[in-house]
Amino acid sequence: NWGYDAHNGPEQWHKTYPIASGNAQSPIDIKSNEAKTDGSLKSLSINYSPGSIKSIVNIGHSFHVVSDDKENASVVKGGPLQGTYHLNQFHFHWGPSNDFGSEHTVNGKGYAAELHLVHWNSDKYASFAEATKNPDGCAVLTVFLEVGSAHPGLQKVVEALGHIKTKDQQAAFTNFDAASLLPASLDYWTYFGSLTHPPLLECVTWVIFREPIKASADQINKFRTLLSGGEQQCPIVKNNRPPQPLNGREVKASF
Ligand SMILES: NS(=O)(=O)c1ccc(-n2ccn(-c3ccc(F)cc3F)c2=O)cc1
Ligand SMILES: [Zn+2]
């Protein structure tokens, strides 16, 4: 099965998922001076309801905080998006050390980790699965994490990791305000791309906030205490795909 090691990592994925060599793959390196400021980009409207956050699960190469988008939904609209996108889950990407663990980079600079808030267009599509088959199906809001003072909101997520040490373990995780993980400024870059690991579908409008949030080294180190396998029990030391070719895609800036 695919992973992030030399034998099953990003360089091998194209053998099983040919779209890995597609022309709209993610992540990318954002060259800020080539991003075009687009005055027509609306501001983002993010409405997260703590009541929609339900559980946290170890998925083997990462962990997901799962949102149940039935009743009091957590939604994003505006910005580059047409329609309302519901929060499906959020997760992080990290590396073996805190000096580089993000997926997207900015002018070649990597961050310690990267938060992905994954949404799908439930106005147009009946399920997340169906949404992933369409270019306007998904939207991922992305926040960079840099090492600094501990993040109070993140601390609740970090403490929950103790209950999901091994693959497929899940625990209740409720009443969490995902908005607490957003930076003060909502200035963002946006471009069209893909899921950053298999099935790598090209269905994502990426929204990447320019301002990182700060987390302590300890908090980020706790990500690496998660174990990836049933029997082999090795820690999840990295789960970040390197930047992919832009292939002429335009990156727009809201600022
Ligand atoms: N890192 S990321 O770009 O935010 C990202 C990467 C991969 C996924 N992902 C993995 C499996 N799926 C998935 C799950 C159910 C389904 F029906 C279709 C999918 F693509 C998915 O959306 C979701 C998000
Ligand atoms: Zn991700």
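The values are calculated or read from the model by the stated rules, or taken from the named source; none is laboratory data. Given the structure is predicted, the values throughout are model-derived calculations rather than measurements. Here the Cβ is made from the backbone with ideal geometry for all residues, glycine too, and neighbour counts use every protein chain on show. Just so you know, the surface numbers come from the protein's heavy atoms only, side chains and all, with ligands and any DNA or RNA stripped out. Shrake-Rupley method; radii C 1.70, N 1.55, O 1.52, S 1.80 Å.
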Scanning the range 155-174 residue by residue, those out of contact with any Phe, Trp or Tyr (no Cβ under 9 Å at 6 or more places or on another chain) and under 18 Å from V118 (Cα atoms) turn out to be F173, T174
Restricted to the range 121-137 and to residues being part of a loop (DSSP other than H, G, I, E, B) and within 13 Å of S194 (Cα to Cα), the residue least open to solvent (accessible area, probe 1.4 Å) is G137
For the range 199-215, the count of residues that are open to solvent by 10 Å² or more (accessible area, probe 1.4 Å) and within 12 Å of ligand 1 (Cβ to nearest atom) equals 4
Listed by range, strands (runs of 3 or more DSSP E) wholly within the range 143-230 having at least 1 residues that are among the charged types (D, E, K, R) and more than 22 Å from S26 (Cα to Cα) are 213-215
* Asked: If you go through the range 89-112 one residue at a time, do you hit one that is open to solvent by less than 20 Å² (accessible area, probe 1.4 Å), touching a strand residue (DSSP E or B) at 6+ places or on another chain (Cβ under 6 Å), within 17 Å of A215 (Cβ to Cβ) and more than 16 Å from ligand 1 (Cβ to nearest atom)?
  -> yes
Filtering the range 97-119 down to residues that are in contact with a helix residue (DSSP H, G or I) (Cβ under 7 Å, 6 or more places away or on another chain) and either within 15 Å of ligand 2 (Cβ to nearest atom) or closer than 15 Å to K238 by Cβ (or both) yields N98, A112, A113, L115, L117
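Only one of A160, A179 is more than 16 Å from ligand 2 (Cβ to nearest atom) and either at pLDDT below 95 or under 28 Å from T37 (Cβ atoms) (or both). Can you tell me which?
Numbers: A160 fails: either at pLDDT below 95 or under 28 Å from T37 (Cβ atoms) (or both).
Step by step, each of A160, A179 is checked, and only A179 is more than 16 Å from ligand 2 (Cβ to nearest atom) and either at pLDDT below 95 or under 28 Å from T37 (Cβ atoms) (or both).
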One residue is enough: does the range 114-133 have a residue meeting the conditions under 21 Å from A217 (Cα atoms) and over 13 Å from the mean Cα position of the chain (by Cα)? no
Over the range 75-92, the set of residues more than 16 Å from the chain's Cα centre (by Cα) and touching a residue at least 60 places away in the same chain (Cβ under 8 Å) is G79, P80, L81
Of (1) within 16 Å of ligand 2 (Cβ to nearest atom); (2) exposed (fewer than 14 other Cβ atoms within 10 Å of the Cβ), V140 fails just (2)
When the range 5-40 is checked residue by residue, the ones that are open to solvent by less than 30 Å² (accessible area, probe 1.4 Å), farther than 20 Å from K109 by Cβ and not in a loop (DSSP other than H, G, I, E, B) are W13, A20
